[in-house]
Amino acid sequence: MLVNAQNIKKKFDKLHVLEDISLEVNEGEVVSVIGPSGSGKSTLLRCLTQLERVDSGRIEIDGQVMVDTVDGKAVYADANTLHEIQLKVGLVFQNFNLFPHYSVLKNITDPQMIVLKRSKEEAVKIAMELLGKMNLADKCNSYPCELSGGQQQRIAIARALALNPKILFFDEPTSALDPELTGEILKVIRDLAKENMTMVIVTHEMAFAKEVSDRVIFMDKGVIIEQGTPSEIFDNSVNQRTKEFLSRLNSYIS
Amino acid sequence: MKIDNVPIDLLLKNMLAATGTVFRIFFLTILFSVPLGFLVALARRSRFKIISIPTRIYQLIFRGTPLMLQLFFFMYAPFYIFGNGFERFTACIIAFVINYAAYFGEIFRGGIAAIPKGQYEAAKILGYNRFQTFMRIILPQVVKNVIPATGNEFMTLVKDTALAQVISVKEIFDVASKAGSKYFSVVPIIVAALFYLIMNTVVEFVFKLIEKKFDYYRV
């Protein structure tokens, strides 16, 4: 099991954003997290990637304990362990967060050289392979500001992949894109799924979630309402809240 | 040669000597107040109130009172308090450095605060430590952010050197006003104006170049 999160709780001030969430992700699995905005999907991702700290619960990534609860309080592992765990996860942001002062190539090589201490030759070789895969090899000397949102997001994915994460998290990877550009990102994620990349995707693209996922999780108000195969959730759900959420989406689309 | 009874060659000779003093004030102030301002910005951002609040009070005092008064203070206060003070030029540099560090601190603080949170988050996810994040990701972008405001401050500094005359530092304005009253002419003041204008034209030109150098990316 790559991700094993048990009974995670997180609140901001007095607002409970995550109420007792448990989540397991196996190697090679693609899991989509759907739900209305404010349901805690992004916060869940941010807790699993160490951008936020949980108040209580237990998170294990690839067998290493990130945080556990002792006497009701979350206790995090030491800095070295947290760094090791950090390197096992990648995160693709909604708004890319490329480094604007670095060229496309340097965005992908710099973390490899600084964090993994790879040689420049090796880092460039890996970066160019990934850029080739993303159909962006010709953009290696451009700067992020010169590229479309879809191109920037593909570079962000390449940057994450260059560090060989065991699992890749996506936080609404297409939400900041023009509709005609979402396709190119979804194709990249689809290709990664074919290569058995373990992924957890927070998304509003229901058709895509249905197509690409092995498992779909529906969240609302900080709890997991139900989870199952795409057809269980999208076509045969008996849960009232899931059905309401999906029919509301459908009514917007049609 | 004389214009309006003013011996121009003598005036220019004195002014050029005074320009040396202006350069010394200018470069020494930059040399010390820019790094100090950087530390002030970091201190202001500190989560320890014992560091950030006194820094804020220091900035309030030195941004909130006239530089002229501060020059007087560093020139004469030590005599009253300790019976022994700084040399004229040293007192002048201390006042300028402490005053400008307060302003640079504010400029750099704004430059750091303008970096989106996502940059820190991306760096953290990729495994950069805090020092690497600051040096490689944040600082280069801060430099670009603060260039225009810093250029402004540099130009103001050129003009503010004229204040040093209140503690009798022989800079350009001091020479000009003395010559003006001696020969009863406005010519020395006009010549002084040209000196300041030429210096600031250079400053402006240099900052335009630097701005251009950082133009290779936008945010």
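We did not get these values from a lab; they are worked out from the coordinates using the rules stated. What you see is a predicted model, and the numbers here were worked out from it, not measured in a lab. Heads up, the Cβs are rebuilt from the backbone with ideal geometry, glycines too, and the neighbour counts pull from every protein chain shown.
A few points about this structure:
- For B:202-213, mean number of other protein chain Cβ atoms within 10 Å: 0
- Only DSSP H runs of four or more residues enter the estimate; each adds -39500 (n - 2.57), and after division by the residues of the protein assembly as shown the mean residue ellipticity at 222 nm equals -18500 deg cm²/dmol.
- Candidates A:Gly40, A:Gly149, A:Gly228, ranked by Gaussian network fluctuation over chain A, Cα under 10 Å, top entry: A:Gly228
- Relative contact order computed over segment A:64-169 (Cα-Cα under 8 Å; 6+ residues apart), in percent: 37 percent
- Pairs of lysine residues in segment B:125-202 - Cα separation under 18 Å, sequence separation of 8 or more or cross-chain: 4
- Annotation for segment B:155-171 versus segment B:195-219: alpha-carbon center distance of 23 Å.
- The protein assembly as shown - share of DSSP beta bridges that are antiparallel (%, nearest 5): 60 percent
- 3J(HN,Hα) from dihedral phi, segment B:75-80, Karplus parametrisation 6.51/-1.76/1.60, rounded to Hz, x for glycine, proline: 6, 9, 4, x, 5, 5
- Note on B:Leu31 and A:Arg248: with the Förster distance fixed at 56 Å, the Cβ-Cβ geometry gives a FRET efficiency of about 0.30.
- For B:Tyr100, neighbours were defined as the other residues whose beta-carbon sits under 14 Å from its Cβ, and their charges (Lys and Arg +1, Asp and Glu -1) total -1.
- Using the Karplus relation 6.51 cos²θ - 1.76 cosθ + 1.60 with θ = phi - 60°, the per-residue 3J(HN,Hα) values for segment A:163-172 come to 8, 6, x, 7, 9, 10, 9, 10, 9, 6 Hz, with x marking Gly and Pro.
- Geometric descriptor of the protein assembly as shown, per residue, is 213 Å³ (volume of the convex hull of the Cα atoms).
- Looking at segment B:16-50, the trypsin sites (Lys or Arg not before Pro) that sit in a DSSP loop and have at most 15 other Cβ atoms within 10 Å of their own Cβ are B:Arg47.
- Residues whose amide H lies under 5 Å from that of A:Thr69, counting only those 5 or more places away or on a different chain, are A:Gly57, A:Val75; hydrogens are built 1.01 Å from N in the peptide plane.
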